[in-house]
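Read the structure below first, then the notes.
The values are calculated or read from the model by the stated rules, or taken from the named source; none is laboratory data. What you are looking at is a predicted structure, and each value in this text was computed from that prediction instead of being measured. Neighbour counts run over all protein chains shown; Cβ positions are idealised from the backbone, glycine included.
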Amino acid sequence: MRCQPQYKTSVYICLKNVQTCLLCDEPAEAEMPMCVACETELPWLGNHCITCALPLPTAGMTCGECLIEPPAFEQVAVPWLYGFPVDSLITRFKHNAKWPFGHLLADVLGQYLQHRFEEGLPRPDALLPVPLAGKRLRQRGFNQAAMLARWLSPSLDLPCEETVLRRIKDTDAQQVLDAKSRKRNLRSAFEILPDAQIKGRHFALIDDVLTTGATAQALARLLMDAGAGRVDVYCLARTPKPGT
């Protein structure tokens, strides 16, 4: 079994030399290993729900589900749709331990979040990675959400607190379940660790992909019930509504 990697430095070279784009192998013009052309072609999220970031045809709207049943989290901040090549990069990072792809995506997410902060998105007090079930952590060898949070922490100058949330119940893989089943699947799946400082604090949950939002909702509800002041969600990609 591999231990959770404790990377505090880049997993690709970030010097003043010329980087090679990880997507097309052409020279990158900046220190980040992605060329301008490839960055432009990424599936950037357009119009979306102002709460859960579900893709919508019009900007500045709230989706029907959030109107009917407002989530416990305040807002989702996410740069991309879950589409090519972001979906491939996430899969290779998450399931094939290709950490340079995850680090690259985390760097761009960090730039996106800094821009959102400058536009008025409230800065959280801490980043909380979505915890992984023990069995899945042993199989995979690392928690991709924790790695993303660790990479984001120095770039955003925010603490990554990994001793706040814990997954206490191994559940079926969320990807194979519909929205209702996902909610049932996550009942009592998480807990707040003893001595965690919650009351009045603003947290940002960190994950790779937001699909139905069931995991984010379960964790946000747990934190808000414990006295958190606000919970946001930061992730790499958002899936569209099934069938769209």
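When the residues of region 197-244 are filtered to those that are part of a loop (DSSP other than H, G, I, E, B) and β-branched (V, I, T), the one that is nearest to P71 (Cα to Cα) is T212. Determine if region 84-97 includes at least one residue that is at positive phi, among the small types (G, A, S), over 15 Å from the mean Cα position of the chain (by Cα) and at pLDDT below 95. Looking through region 84-97, at least one residue is at positive phi, among the small types (G, A, S), over 15 Å from the mean Cα position of the chain (by Cα) and at pLDDT below 95.
When region 168-196 is limited to residues that are polar (S, T, N, Q) and part of a helix (DSSP H, G or I), the one that is modelled with the highest pLDDT turns out to be N185. The residue list E65, E74, E69 contains one member that is surrounded by 15 or more Cβ atoms within 10 Å (Cβ to Cβ), without any contact (Cβ under 8 Å) to a residue 40 or more places away in the chain, under 25 Å from A218 (Cα atoms) and acidic (D, E), which is E65. Of all residues in region 114-136, those satisfying the criterion of being under 18 Å from A218 (Cβ atoms), out of contact with any Ser or Thr (no Cβ under 9 Å at 6 or more places or on another chain) and not basic (K, R) are L128, P129, P131, L132, G134. Among the residues making up region 1-60, a single one is exposed (fewer than 14 other Cβ atoms within 10 Å of the Cβ), modelled with pLDDT of 90 or more, part of a loop (DSSP other than H, G, I, E, B) and among the hydrophobic types (A, V, I, L, M, F, W, C): A59. Taken residue by residue, region 84-92 has at least one member that is assigned to a loop (DSSP other than H, G, I, E, B) and either touching a strand residue (DSSP E or B) at 6+ places or on another chain (Cβ under 8 Å) or of a type in the set (F, W, Y) (or both). Look at region 50-62: where a residue is on the phi < 0 side of the Ramachandran plot and aliphatic (A, V, I, L, M) and a partner is buried (at least 19 other Cβ atoms within 10 Å of the Cβ) and outside any strand (DSSP E or B), sitting 6+ places away or on another chain with Cβ atoms under 8 Å, you get L56/C49; M61/C49.
Set side by side, the residues L158, L165 differ, and just one is within 18 Å of L137 (Cα to Cα) and either at pLDDT 95 or above or of a type in the set (G, A, S) (or both), which is L165.
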